[in-house]
Amino acid sequence: MIGYHVRIAAKSLRRTPALSALLIAAITLGICVSTTFTTLRHAFAKDPIPGKSGHLFYVRMDNWDPATPYDGNHPKQPPTQVTYKDMRELMKSNIPTHQTASFLATFFVHPPPKAGKPYQEIVRLTFGDFFSMFNVPFQYGGPWDKAADAKPEQVIVISQATNEKIFGGGNSVGKSVRIEDRDYKVVGVVGDWRPTIRFYDVTSNYTAAPEEIYMPFNFVQPMQIRTAGNSDGWKQETLNTFDDFLNSDIDWIQYWVELPTPEKQSAFRDLVDNYTRDQKKHGRFQRPLNNHVDNVLVLMDEFQVVRPEISAMAAVSLLFLAVCSLNLVGLLLGKFLGRAPEISVRRALGASRVQVFAQHIVECELIGVIGGTIGMALSLGIVMMLGKVIPGNMPVRLDAEMAGAAIFLSLVAGLLAGIYPAWRICTLPPAGQLKLQ
């Protein structure tokens, strides 16, 4: 029966091509706008690491000025990072299954003369657990081990782009790259890894691509490396030496732990709170206890990764689709009422109201599907352009979830536009339209 209704609907659309084109164009416009903005919001809001986002926790501790909160607009929020000395103490715990600290630094990379001139690169200093915690895939090799962390060994992991630039894209594991005045052995080449949101570091530009080079965190002290990322401090401190900087109350380290069970999560939160209480005895952490150990999705919400403006645009775009649909009610009503004599004959020959209603709803849904398909195609192009405009060339994609949502919205739009006209035509008394011969 559905196939019959579809054939009748297609013939009806071909019978009035100009009106049909207008109806389809309205749905196309509404679906294009709504799909574009809901896809953009979805790119920011979706789970960046499904299956693990509830097990990965970001640690923040409120060591800020006792007289003034870190963020005056959000006084309950602690600083976005932790100090070096606090991170070192907490990393002594064996509660986390994995844990890592990291920060960004700037170095000069010296490729072989044939590969190009020296250039400056942002490098992430981190621990080997970083790669397993954040599901980083490898094209060649793998991460360094804990022995390389502890020593530290002169090893690095590089991205596909850096591997292409320096080594021509082949298997470069075991080869050396000169960074500043040291040679580092490549132990791994990252595979195809471009999370939509750089969720492991939301303190800086979280739409940026992952870093090109990674090296062991423990080079920070022997090389006296200072961060090239964000750093925050509130009090005057004498920093005559690099050790003074490491022992200061400046927040510049991102610290993550993997806690796969509720028991570990509770135990680690207790550890952080107890550590803070102990530090209070030494004159630190003078503000009320305000430690945050947040999983990935909670962290994204607290850092407002999904900006309110993006959510507002998505909501307005859905309202725009609703307006487009409602504006078609009058056109569809006029079209359906124009076929009243034909429908009356069908009713007289035995067609029920339900059958007449279903036929016209199918026609409206066909308009919605055609308009939705065209709208999705237009939205796909717009979304790709938006990805190039966003800083960091954020990979915004119309994935299967959003394609399904667009199809659903198309059907809803068709139903919204057609339910009253279809009901109106099926309730007309047939006798009033029939003429005696």
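Going through GLU342, GLU309 one at a time, which residue ends up being modelled with pLDDT under 90, surrounded by fewer than 16 Cβ atoms within 10 Å (Cβ to Cβ) and assigned to a helix (DSSP H, G or I)?
Every option except GLU342 fails the conditions.
Could you grab me the full set of residues in the stretch 29-58 that are among the hydroxyl-bearing types (Ser, Thr, Tyr) and closer than 25 Å to VAL293 by Cα?
Within the stretch 29-58, SER53, TYR58 qualify.
Looking only at residues that are surrounded by fewer than 13 Cβ atoms within 10 Å (Cβ to Cβ) and closer than 30 Å to PRO50 by Cα in the stretch 162-193, which one is modelled with the lowest pLDDT?
My answer is ASP192.
Go through the stretch 180-210 and report how many residues are over 31 Å from the mean Cα position of the chain (by Cα) and in a loop (DSSP other than H, G, I, E, B). Break it down into steps so the answer makes sense when it comes.
First pass over the stretch 180-210, keeping only residues over 31 Å from the mean Cα position of the chain (by Cα): 180-185.
Then drop every residue that is not in a loop (DSSP other than H, G, I, E, B), which leaves 180-181.
Residues that pass the stated criteria total 2.
Residues being in a loop (DSSP other than H, G, I, E, B) and touching a residue at least 60 places away in the same chain (Cβ under 8 Å): count how many of those fall in the stretch 223-241. Give the steps one after another, and end with the answer.
The first filter runs over the stretch 223-241 and keeps only residues in a loop (DSSP other than H, G, I, E, B), leaving 223-231, 233-241.
From what's left, touching a residue at least 60 places away in the same chain (Cβ under 8 Å): 225-231, 234-235.
Going through the stretch 223-241 one residue at a time, the tally reaches 9.
I'm checking my understanding of the structure. Among residues of the stretch 1-51 that are part of a helix (DSSP H, G or I), without any contact (Cβ under 8 Å) to a residue 12 or more places away in the chain and small (Gly, Ala, Ser), which one is surrounded by the most Cβ atoms within 10 Å (Cβ to Cβ)? Full working, then the answer.
Taking the stretch 1-51 first, the residues part of a helix (DSSP H, G or I) are 2-15, 17-45.
Add one more test, that the residue is without any contact (Cβ under 8 Å) to a residue 12 or more places away in the chain, and what stays is 3-4, 7, 11, 14-15, 17-18, 21.
From the residues that got through so far, the ones that are small (Gly, Ala, Ser) too are 3, 18, 21.
Values: GLY3: 8, ALA18: 7, ALA21: 12.
In this case the residue turns out to be ALA21.
Would you confirm whether or not the stretch 260-271 contains a residue that is modelled with pLDDT under 95 and of a type in the set (Asp, Glu)?
No.
Residues in the stretch 403-426 that are buried (at least 19 other Cβ atoms within 10 Å of the Cβ) and in contact with a Phe, Trp or Tyr (Cβ under 8 Å, 6 or more places away or on another chain): how many?
Looking only at that region, the number is 4.
Which condition does PHE44 not pass, out of (1) of a type in the set (A, V, I, L, M, F, W, C); (2) assigned by TED's automatic domain parsing to the domain that holds ASP129; (3) modelled with pLDDT under 95, if it passes all the others?
Failed condition: (2).
Just checking, which of GLY371, GLY381, GLY404 is in the same structural domain as LEU19 (by TED's automatic domain parsing), modelled with pLDDT of 85 or more and within 12 Å of THR36 (Cα to Cα)? Give the steps one after another, and end with the answer.
Numbers: GLY371 fails: within 12 Å of THR36 (Cα to Cα); GLY404 fails: within 12 Å of THR36 (Cα to Cα).
On inspection, the qualifying residue turns out to be GLY381.
Please go through the stretch 260-298 and give me each residue that is farther than 19 Å from THR68 by Cα, charged (D, E, K, R) and in a helix (DSSP H, G or I), ordered by number.
Pass one, the stretch 260-298, residues farther than 19 Å from THR68 by Cα: 260-275, 277-279, 281-282, 293-298.
Now narrow it down to the ones that are charged (D, E, K, R): 263-264, 269-270, 273, 277-278, 281, 294.
Those that are farther than 19 Å from THR68 by Cα, charged (D, E, K, R) and in a helix (DSSP H, G or I): GLU263, LYS264, ARG269, ASP270, ASP273, ARG277, ASP278.
Among the residues in the stretch 303-325, are any closer than 20 Å to TRP423 by Cβ and in contact (Cβ under 8 Å) with a residue 12 or more places away in the chain?
Scanning the stretch 303-325, I find at least one residue that is closer than 20 Å to TRP423 by Cβ and in contact (Cβ under 8 Å) with a residue 12 or more places away in the chain, so the answer is yes.
Any idea how many residues of the stretch 285-299 are of a type outside the set (Asp, Glu) and in contact with a strand residue (DSSP E or B) (Cβ under 9 Å, 6 or more places away or on another chain)?
Looking only at that region, the number is 8.
Enumerate the pairs (first residue in the stretch 258-274 and more than 13 Å from HIS292 (Cα to Cα); second residue anywhere and of a type in the set (Ser, Thr, Tyr)) with beta-carbon separation below 6 Å, excluding pairs fewer than 6 apart on the same chain, so at least 6 apart or on different chains.
Listed by first residue and then by second, the contacts come to GLU258/THR97; PRO260/THR97.
Filter the stretch 211-242 down to residues that are of a type in the set (D, E, K, R) and over 29 Å from the mean Cα position of the chain (by Cα) and give me whichever is modelled with the highest pLDDT.
ARG226
Going by what's in this entry, would VAL177 be described as in contact (Cβ under 8 Å) with a residue 12 or more places away in the chain, outside any helix (DSSP H, G or I) and in contact with a Pro (Cβ under 9 Å, 6 or more places away or on another chain)? Walk me through it before giving the result.
Details: in contact (Cβ under 8 Å) with a residue 12 or more places away in the chain: yes; outside any helix (DSSP H, G or I): yes; in contact with a Pro (Cβ under 9 Å, 6 or more places away or on another chain): yes.
So VAL177 fits the description; yes.
The values are calculated or read from the model by the stated rules, or taken from the named source; none is laboratory data. Quick caveat: nothing in here was measured; it's all calculated off a predicted structure. All Cβ positions, glycine included, derive from the backbone under ideal geometry; neighbour counts span all protein chains shown.
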